[in-house]
Amino acid sequence: MKSFWAQWASRDPIKFGELYLTNRQILGSVDRWITADSVASSLWRYGVPEELTLPQKCQGDRTGLSDIEREITCSDALVFVGSLLSNLRYLEIGVSVGKNFLQICNQFRSAEIVGLDVEEINPVLLERLGGGDVIWRAPAESDVATLSGQTVPKRASLTQIRSTEGSISYLSADQFSEETWRRLAGRKFNLVFSDGVHSADALQAELQFLLKYDLIDRREFVMLWDDLLGRQMQSAFVDCAKSLCQMFGKGDDAISMFRMHGTYGLSRPMGMFVSL
Ligand SMILES: C[S@@+](CC[C@H](N)C(=O)[O-])C[C@H]1O[C@@H](n2cnc3c(N)ncnc32)[C@H](O)[C@@H]1O
């Protein structure tokens, strides 16, 4: 384990502090992240466990969905590292209600940003981003797994946000489907946040798809993996990060693990590869 503060934020604490504060202002501007209707019609409750829908009132280490975390979060880490890249081209795998996604979109207004999640875009997030238009729908439905253990038919779609600067898109699709990644072909991401399905297979598949569809910017690239709980997730992370080291001609010092908070839940290990 390393310290994000010591390794990154301390390089420019004033800049980090400004980004941190702006993230808190963005979070404070949203009263309610999701409606009961959206949860009821969701496949995975947008990844939000029921107990975290109540404020946690700073009890223990747990952040509720409506809470504003005071410790450094993955969003603070992403905006700080993102600010070191020349032109941000960002992919988030697993957007949930958009608590992290909104911070990225508001901090990088001229960036190219793509969110991928099996859920439909959270209407609260869509409204906060200024609305959007569905510009593509898959010709057919395909089966996707749900939280209840069932499979249901889903038709993938791509929504383009009507933002004036930059480009924000939301791909509502299954991360295990080849079609999903083919849709992204032609893009070159320099910052990827892996926060969708938390299994070793999912981590390996994501990297294989990123490579197969040539979605990685070979000049500069950062990837952050959330929720590295347990040996299997951690060894999948190390395998993926080592492949990236090989690709970028980097040594093990390009790989780090930090204990950090996400946008909700407990603090947990996260992993990072940085080619810079
Ligand atoms: C932990 S949440 C993401 C949290 C978000 N990145 C944040 O920081 O606020 C995980 C997300 O993965 C999504 N997910 C689950 N299965 C998926 C799949 N097969 N393909 C794409 N997304 C999936 C869930 O819908 C959920 O929204």
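The values are calculated or read from the model by the stated rules, or taken from the named source; none is laboratory data. None of these values were measured; they are calculated from a predicted model. All Cβ positions, even for glycine, are placed from backbone atoms using ideal geometry, and neighbour counts span all protein chains on display. The accessibility values were calculated without ligands, DNA or RNA, using every heavy atom of the protein model including side chains. Shrake-Rupley method; radii C 1.70, N 1.55, O 1.52, S 1.80 Å.
Can you work out the FRET efficiency for the pair SER83 and LYS242, with r the C-beta to C-beta distance and R0 = 30 Å, to the nearest 0.05?
0.70
Return one whole number: the accessible area per residue of the stretch 191-258 in Å², for a 1.4 Å probe.
Per-residue value: 44 Å².
At a probe size of 1.4 Å, how large is the accessible area of TRP8, to the nearest 10 Å²?
Accessible area of TRP8: about 10 Å².
Give the relative contact order (percent, whole number) for the chain; include only Cα pairs under 8 Å separated by 6+ residues.
Working: 502 pairs, mean separation 54.9, N = 276.
Computed value for the chain: 20 percent relative contact order.
Heavy atoms of the protein only, probe of 1.4 Å, neighbouring chains included. What is the accessible area of ARG187 in Å², nearest 10?
About 50 Å², rounded to the nearest 10.
What is the gain in length, in nm to one decimal, between ASP31 and LYS188 on full extension, counting 0.36 nm per residue of separation less the C-alpha to C-alpha distance?
53.1 nm
Multiply the residue gap between VAL134 and SER167 by 0.36 nm, knock off their C-alpha separation, and tell me the result in nm, one decimal place. Please report the intermediate quantities before stating the final value.
Numbers: separation 33, 0.36 × 33 = 11.88 nm, distance 1.40 nm.
Gain in length upon complete extension: 10.5 nm.
Averaged per residue, what accessible surface does the stretch 1-106 expose to a 1.4 Å probe, in Å²?
Dividing the accessible area of the stretch 1-106 by its residue count gives 47 Å².
So between GLU141 and VAL39, what do we pick up on full extension, going 0.36 nm a residue minus the alpha carbon distance? Show your work: numbers first, answer last.
Details: separation 102, 0.36 × 102 = 36.72 nm, distance 2.13 nm.
The span from GLU141 to VAL39 would gain 34.6 nm if fully extended.
Within 11 Å, Cβ to Cβ, of SER96, how many net charges do the neighbouring residues add up to if Lys/Arg are +1 and Asp/Glu are -1?
With Lys, Arg at +1 and Asp, Glu at -1, the net is -3.
Of all beta bridges DSSP finds with both residues in the stretch 165-276, what is the antiparallel percent, to the nearest 5?
Details: 10 of 15 bridges.
If I count the DSSP bridges inside the stretch 165-276, around 65 percent turn out antiparallel.
Most fluctuating residue of THR164, THR22, THR63 in a GNM of the chain with Cα springs under 10 Å: which is it?
Most flexible of the set in this elastic network: THR164.
Given labels modelled 7 Å from the Cα in the Cβ direction, how far is it in nm from GLN204 to ARG155?
Simple spin-label model gives 3.5 nm for this pair.
Taking square-rooted eigenvalues a ≥ b ≥ c of the alpha carbon gyration tensor, is the stretch 201-276 rounded, prolate or oblate, where a/c under 1.5 means rounded and, failing that, a/b exceeding b/c means prolate?
prolate
Would you kindly calculate the mean projected area, averaged across all directions, of the convex hull enclosing the Cα atoms of the stretch 142-183, in square nanometres?
Reported value for the Cα convex hull: 3.7 nm².
Sort 240-252, 66-78 by the packing proxy (mean of other Cβ within 10 Å over each peptide's residues), most packed first.
On the way: 240-252: 15.2, 66-78: 21.2.
Peptide ranking by packing, descending: 66-78, 240-252.
Plugging the Kirkwood radius over Cα pairs into Stokes-Einstein for the chain, at a temperature of 25 °C and a viscosity of 0.890 mPa s, what D comes out in µm²/s?
The Stokes-Einstein estimate is 130 µm²/s.
When the Kirkwood hydrodynamic radius is evaluated over all pairs of different C-alpha atoms of the stretch 115-227, what value in angstrom, to one decimal, is obtained?
Averaging 1/r across every pair of different Cα atoms and inverting gives 15.2 Å.
Over the stretch 115-250, what is the relative contact order in whole percent, taking alpha-carbon pairs under 8 Å and six or more residues apart?
Working: 186 pairs, mean separation 27.1, N = 136.
Over the stretch 115-250, the number comes to 20 percent.
Before anything else, pin down the relative contact order of the stretch 1-72: Cα pairs under 8 Å, at least 6 apart, normalised by residue count, whole percent.
24
Roughly how many percent of the accessible protein surface of the chain is carbon and sulfur, given a 1.4 Å probe and a whole-percent answer?
50
Using the Kirkwood formula over every pair of different C-alpha atoms, what hydrodynamic radius in Å results for the stretch 85-134?
Answer for the stretch 85-134: a Kirkwood hydrodynamic radius of 11.3 Å.
Between the stretch 203-276 and the stretch 1-71, what is the separation of their alpha carbon centroids in Å?
Cα centroid of the stretch 203-276 versus Cα centroid of the stretch 1-71: 21 Å apart.
Quick one: net charge of LEU184's neighbours, Cβ under 15 Å, K/R +1, D/E -1?
Counting the neighbours of LEU184, the net charge comes to -3.
Over 23 Å between C-alpha atoms is what I'm after, so list which of LYS188/LYS250; LYS2/LYS188; LYS2/LYS250; LYS2/LYS212; LYS15/LYS188; LYS154/LYS242 land there.
Those over the limit are LYS2/LYS188; LYS2/LYS212; LYS15/LYS188; LYS154/LYS242.
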